[in-house]
Amino acid sequence: MSDRIYKVGEFNKLIKSFIEGNIDFHNFFLKGEISGITYYKSGHLYFTLKDEKGQIKCVAFNYKLKKIPNDLKEGDAITLFGDVGFYETRGTIQILVRHIEKDNKLGTLYEKLEKVKQSLEEKGYFSQEHKKPLPNFPINIGIVTSPIGAGFHDIVTTARKRMRGLNFYFYPAKVQGESSINEIVKGIETLDKIPEIDLIIAGRGGGSIEDLWSFNEEKTALAFYKCKKPIISAVGHEIDFLLTDLVADIRAATPTQSAEIAIPSKYEVFELLNNKKHKIETLIKNKLASCNNDLNFYKNSYTIKNFVNYLNNYKENLVSKESELNRAISLNLERKKQILDLKIETLINLNPLTTLKRGYSITRYQNSILKSCEDLKIGDEISTKLYKGELISTIKEIKN
């Protein structure tokens, strides 16, 4: 049991760690009715959110910076966006509010947005595998934003501070209001067709959630997703993600940050080039050292030092092999000559003329060799072949 005994501070740390590590306690919407609301001069807003089944404490730090209305009152029905916070010292839970909308204003839009998000996520539109990498050194930058807002100026000014020689292709578009959606989409599609453009930045500066809603529309998000060039969603806002942030290749929190993400600093480039230079120099030095070591090794090797002797030995060995080969050829020829002479002698001995020369003869009767007296009768004529010449005889007597 002793290992389950905590000090209060330790236990509260466990609770805080659990809450911070649970995604269900972050980035959610909560509906209810305001109670006990207090605006403090410090810029913080405290209230209780309740419904018929429960209540919870809420705080909005620096509510003015979050564009939270300053006219909320007791009993207002609202939808807030925020996270669960745990105050360790007091051991209390409260909602850290990041945005508030009065009901019947954005409630239906948020419901629609959640459905669109779910649909696009199921289709894989948020998947990392569809994200295109940004070019390392872009020169031609396409920008879709308002011509009267600070977004364009922030992007161009920041980009030029980071790198010289950049070209900007600007498509002026409304970034809020009903017509803004089509203008943003048209701007992305137009710049996407220009071959020399390296990447596109589309967005605007900060504003209320209503001002930013054009970037939460499905049509706008699909234009970002379908863009063939790398595209950055650069909308200044404090809410974690707009729909275009989820489908774009890169999300920037502000237009200024988009330029910082897209354009490498000239100092970073110089440092990168110097690192590459040092790396190449090191590789060359190492290669030269390796070649020099190899050269010394071969120069001092036994084979190289004794190459002439090795060559002479090889030559002598070759001459020796040649003599042996000549002797083998001569012996082989002599052996074959003896075999040939033997065969010639055999053929000579088997020649009928040789037999005749020894005193034998061949007798023929009617062109056939005569082998028996029984084949003859008195008066028949026969021919006898001698070694030299031929005799013609007539049979006068036959003896068996």
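The values are calculated or read from the model by the stated rules, or taken from the named source; none is laboratory data. Just so we're clear, the structure is a prediction, and the values are computed from it rather than from any experiment. With ideal geometry, Cβ positions are generated from the backbone for all residues, glycine too; neighbour counts draw on all protein chains shown.
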For the range 158-172, indicate whether the set of residues that are surrounded by 20 or more Cβ atoms within 10 Å (Cβ to Cβ), small (Gly, Ala, Ser) and without any contact (Cβ under 8 Å) to a residue 60 or more places away in the chain is non-empty. no
Counting only residues that are loosely packed, with under 10 Cβ neighbours inside 10 Å and hydrophobic (A, V, I, L, M, F, W, C), how many does the range 354-381 have? 2
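Working carefully through the options Ile141, Ile200, Ile148, Ile194, find the one that is more than 20 Å from Phe224 (Cα to Cα) and not polar (S, T, N, Q). Please lay out each step first, then the result.
Details: Ile141 fails: more than 20 Å from Phe224 (Cα to Cα); Ile200 fails: more than 20 Å from Phe224 (Cα to Cα); Ile194 fails: more than 20 Å from Phe224 (Cα to Cα).
That would be Ile148, the only listed residue that is more than 20 Å from Phe224 (Cα to Cα) and not polar (S, T, N, Q).
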Could you say which residue among Tyr110, Tyr63, Tyr40, Tyr125 is aromatic (Phe, Trp, Tyr), in contact with a Leu (Cβ under 7 Å, 6 or more places away or on another chain) and on the phi < 0 side of the Ramachandran plot? Tyr63
Some residue of the range 128-142 being within 25 Å of Ile194 (Cα to Cα), touching a strand residue (DSSP E or B) at 6+ places or on another chain (Cβ under 9 Å), surrounded by 14 or more Cβ atoms within 10 Å (Cβ to Cβ) and at pLDDT below 90: no
Subset of the range 232-274 that is loosely packed, with under 15 Cβ neighbours inside 10 Å and not hydrophobic (A, V, I, L, M, F, W, C) - its residue that is farthest from Ile143 (Cα to Cα): Asn274
If Asp211 meets every condition in (1) under 36 Å from the mean Cα position of the chain (by Cα); (2) buried (at least 16 other Cβ atoms within 10 Å of the Cβ); (3) among the acidic types (Asp, Glu) apart from one, which number is that one? (1)
Among the candidates Leu242, Leu272, which residue alone is on the phi < 0 side of the Ramachandran plot and either modelled with pLDDT of 85 or more or in contact with a Lys or Arg (Cβ under 8 Å, 6 or more places away or on another chain) (or both)? Leu242
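Name every residue in the range 69-86 that is at pLDDT 90 or above and either more than 17 Å from Thr38 (Cβ to Cβ) or surrounded by fewer than 19 Cβ atoms within 10 Å (Cβ to Cβ) (or both), in order of residue number. Spell out how you get there, then give the answer.
Of all residues in the range 69-86, those at pLDDT 90 or above come to 78-86.
Thr79, Phe81, Gly82, Asp83, Val84, Gly85, Phe86 - these are the residues of the range 69-86 that are at pLDDT 90 or above and either more than 17 Å from Thr38 (Cβ to Cβ) or surrounded by fewer than 19 Cβ atoms within 10 Å (Cβ to Cβ) (or both).
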Filter the range 296-314 down to the residues that are part of a loop (DSSP other than H, G, I, E, B) and surrounded by 10 or more Cβ atoms within 10 Å (Cβ to Cβ) and list them by number. Ser301, Asn306
Report yes if some residue within the range 108-125 is closer than 26 Å to Ala60 by Cα, out of contact with any helix residue (DSSP H, G or I) (no Cβ under 8 Å at 6 or more places or on another chain) and surrounded by 19 or more Cβ atoms within 10 Å (Cβ to Cβ); otherwise report no. no
Filter result for the condition that a residue is in the same structural domain as His153 (by TED's automatic domain parsing), at pLDDT 95 or above and within 20 Å of Pro147 (Cβ to Cβ), over Ile201, Ile250: Ile201
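Mind telling me which of the residues Glu281, Glu324, Glu345, Glu271 ends up being closer than 30 Å to Leu386 by Cβ and part of a helix (DSSP H, G or I)?
Values: Glu281 fails: closer than 30 Å to Leu386 by Cβ; Glu324 fails: closer than 30 Å to Leu386 by Cβ; Glu271 fails: closer than 30 Å to Leu386 by Cβ.
None of the other options fit; the residue is Glu345.
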Tell me which of these Arg90 doesn't satisfy, since it passes every other one: (1) among the charged types (D, E, K, R); (2) farther than 30 Å from Val269 by Cβ; (3) not in a loop (DSSP other than H, G, I, E, B). (3)
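To keep it simple, each residue is scored yes or no on (1) among the basic types (Lys, Arg); (2) part of a loop (DSSP other than H, G, I, E, B); (3) free of Cβ contacts under 8 Å to residues at least 60 places away in the same chain.
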residue	(1), (2), (3)
Gly9	no, no, no
Lys16	yes, no, no
Phe29	no, no, no
Ser35	no, no, yes
Lys50	yes, no, yes
Cys58	no, no, yes
Tyr63	no, yes, yes
Lys67	yes, yes, no
